[in-house]
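S.K.: Pasting a structure here, questions to come.
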Amino acid sequence: MRVKDRYISPFTDFGFKKLFGTEPNKDILIDFLNELLRKDEGEITKLQYLSKEQLGRVIDDRKAIFDIYCENEKGEKFIVEIQKAKQNYFKDRSIYYSTFPIQQQAAKGKWNFQLKSVYTVGILDFIFDEDKNDKEVFHHEVQLFDKQTRKVFYDKLTYVYLEMPKFKKTENELETHFDKWLFVLKNLEDLTGRPAALQEKVFKKLFKQAEIANYSDEEYTEYEDSLKAYRDLKNCMDTSFSEGKTEGKIEMARSMKQKGIDIATITEVSGLPRKSIEQL
């Protein structure tokens with residue numbers, strides 16, 4: 001496969017890590033997170049990537065999830081976990097992964113259980129099945145709340161989800177800096193140049209980092225592989241969710257197996273027993 005696009009897809013593992021998970025691009029990530037969290041946490045001024053070792057886990061598919069220790073202008077500290085979400089069992093995955101930055105805060109010795117705020121940010125390339133008829137709301141902010149009083153019960157755990165397919169604004173309709181970020185995330189792979197409406201310094205750097213022509217042969221090959229894996233998996237998932245039956249899962253598993261995707265991944269994605277997949 002030859003990549004013909006000018007810019008990478010931020011929904012691939014390679015693209016997501018390139019733009020959001022590397023030290024040289026901290027300023028890009030800070031700008032994006034400030035657009036999401038400024039109203040709750042103020043301006044983020046510093047951030048530090050937390051390693052998997054620090055969080056006590058080695059999970060292969062966490063390569064598209066980054067845990068970040070943030071500090072705002074008032075010196076207050078909080079944790080953000082940013083995910084390039086997978087469609088299958090997404091909510092279960094999201095809740096499960098959010099427990100790690102919570103547990104990581106446990107202090108040795110005596111500890112009073114006071115926690116710093118934790119935010120999970122999910123950038124979704126799909127629409128929640130239960131929200132498919134709601135064409136307007138794509139930016140979700142979820143917290144624990146009391147069903148009786150309808151008030152927030154605990155405000156230190158927040159899930160922020162962006163259903164990117166629902167964002168429909170064109171370049172001429174972009175009004176805010178947040179609009180511009182959403183436009184870039186959704187359309188980057190299909191753009192042939194930096195739009196006139198995106199002249200801010202942060203976007204100039206982002207487009208430079210995203211331009212495939214700037215990559216070494218090794219990076220180019222890594223991106224090709226990442227893009228193929230993303231497209232194969234997404235095609236299989238889209239087929240499965242549209243059919244929504246066991247037959248659809250079987251066909252999806254068969255298709256994935258034919259594409260050379262490993263059985264462990266097929267088992268996780270399809271929900272079918274390993275033995276059944278081996279017999280396909």
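S.K.: Within the chain, what's the longest stretch lacking chymotrypsin sites (Phe, Trp or Tyr not before Pro) that sit in DSSP loops with no more than 13 other Cβ atoms inside 10 Å?
M.R.: Value returned for the longest uninterrupted segment is 114-280.
S.K.: Just to verify a number: FRET efficiency for residue 178 and residue 279, C-beta to C-beta distance, R0 = 41 Å, to 0.05?
M.R.: Computed FRET efficiency for residue 178 and residue 279: 0.25.
S.K.: What is the spin-label model distance, in nm, from residue 220 to residue 153 if the labels are put 7 Å beyond Cα along the C-beta direction?
M.R.: Those two pseudo-labels are separated by 5.5 nm.
S.K.: Give me the one-decimal nm value for the distance between modelled label points at residue 5 and residue 131, 7 Å along each residue's Cα-to-Cβ direction.
M.R.: My value for the distance between the label points is 2.3 nm.
S.K.: Among bridges DSSP assigns within the chain, what percent are antiparallel (round to 5)?
M.R.: For the chain, the DSSP antiparallel bridge percentage is about 60.
S.K.: So which of 77/180; 26/166; 18/186; 169/208; 132/259 end up more than 19 Å apart by C-alpha?
M.R.: Over 19 Å apart, Cα to Cα: 77/180; 26/166; 169/208; 132/259.
S.K.: Please tell me the relative contact order of the chain in percent, rounded to the nearest whole number, where contacts are Cα pairs under 8 Å and at least six residues apart.
M.R.: Reported relative contact order: 20 percent.
S.K.: I would also like to ask the following. Any idea how far apart residue 105 and residue 192 come out in nm if each label point goes 7 Å out from Cα toward Cβ?
M.R.: That separation, rounded to one decimal, is 4.9 nm.
S.K.: Quick one: grab the alpha carbon gyration tensor of the stretch 127-280, order the square roots of its eigenvalues as a ≥ b ≥ c, and give me rounded if a/c is under 1.5, else prolate or oblate depending on whether a/b is larger than b/c.
M.R.: Oblate shape, in that a/c is at least 1.5 and b/c is the bigger or equal ratio.
S.K.: Counting only helical runs of four or more DSSP H residues, what would the 222 nm mean residue ellipticity of the chain come to if each run contributes -39,500 (n - 2.57) and the total is spread over all its residues?
M.R.: Mean residue ellipticity, 222 nm, calculated: -12500 deg cm²/dmol.
Any read-out appearing in this document is the output of simple, stated calculations on the displayed coordinates, not a laboratory observation. The shown structure was predicted, so the numbers you read here are calculated from the model rather than taken from an experiment. Cβ atoms come from the backbone with ideal geometry, glycine included; neighbour counts cover every protein chain shown.
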